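Take a look at the structure set out below.
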Amino acid sequence: TFNGFNNPQSGQTVTFAVVQPNGTGPYTLTSSMKFAGGNKTLSTAANAIDVVSIVYANGVYYASLTKGYA
């Protein structure tokens with residue numbers, strides 16, 4: 001679970017990969033962050049890889065989700 005930075009500063013960023021488990025899952029995103037295009041639905045296939053990039057700016061977390069890496 002990622003809900004934000006401790007003591008966030010404008011300009012902070014984080015990028016992480018989400019790898020769906022094989023047989024248990026799928027993982028989901030439940031976040032109040034603002035996602036580009038409003039899409040925060042992860043791939044659901046076993047072993048699917050998605051990348052989430054987040055930037056904190058002026059009190060808001062902005063995120064983008066890139067799905068379907070193989």
Q. Is at least one residue of region 51-59 surrounded by 12 or more Cβ atoms within 10 Å (Cβ to Cβ), in a loop (DSSP other than H, G, I, E, B) and of a type outside the set (A, V, I, L, M, F, W, C)?
A. no
Q: Please enumerate the residues belonging to region 35-47 that are of a type in the set (Gly, Ala, Ser), open to solvent by less than 60 Å² (accessible area, probe 1.4 Å) and in contact with a strand residue (DSSP E or B) (Cβ under 7 Å, 6 or more places away or on another chain).
A: 43
**Q.** Near pairs, Cβ below 7 angstrom, 6+ apart or cross-chain, from region 1-20 (at pLDDT 85 or above and surrounded by fewer than 11 Cβ atoms within 10 Å (Cβ to Cβ)) to any residue that is part of a strand (DSSP E or B) and of a type in the set (Gly, Ala, Ser)
**A.** 10/57; 11/57
**Q.** Inter-residue pairs, beta-carbon under 6 Å, first farther than 28 Å from residue 11 by Cβ and in region 26-55, second of a type in the set (Gly, Ala, Ser), 6+ apart
**A.** 43/68
Q: Output the residue which, of all residues in region 21-34 that are open to solvent by less than 60 Å² (accessible area, probe 1.4 Å) and at pLDDT 80 or above, is farthest from the chain's Cα centre (by Cα).
A: 21
Q | Flag if residue 69 is more than 11 Å from the chain's Cα centre (by Cα), loosely packed, with under 14 Cβ neighbours inside 10 Å and free of Cβ contacts under 8 Å to residues at least 60 places away in the same chain | A | yes
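The values are calculated or read from the model by the stated rules, or taken from the named source; none is laboratory data. Predicted model only: the values in this text are computed from it and were never measured. No Cβ is skipped: glycine too gets one built from the backbone with ideal geometry, and neighbour counts run over all protein chains shown. Side chains are part of the model used for accessible areas, which takes the heavy atoms of the whole protein and leaves out ligands, DNA and RNA. Shrake-Rupley method; radii C 1.70, N 1.55, O 1.52, S 1.80 Å.
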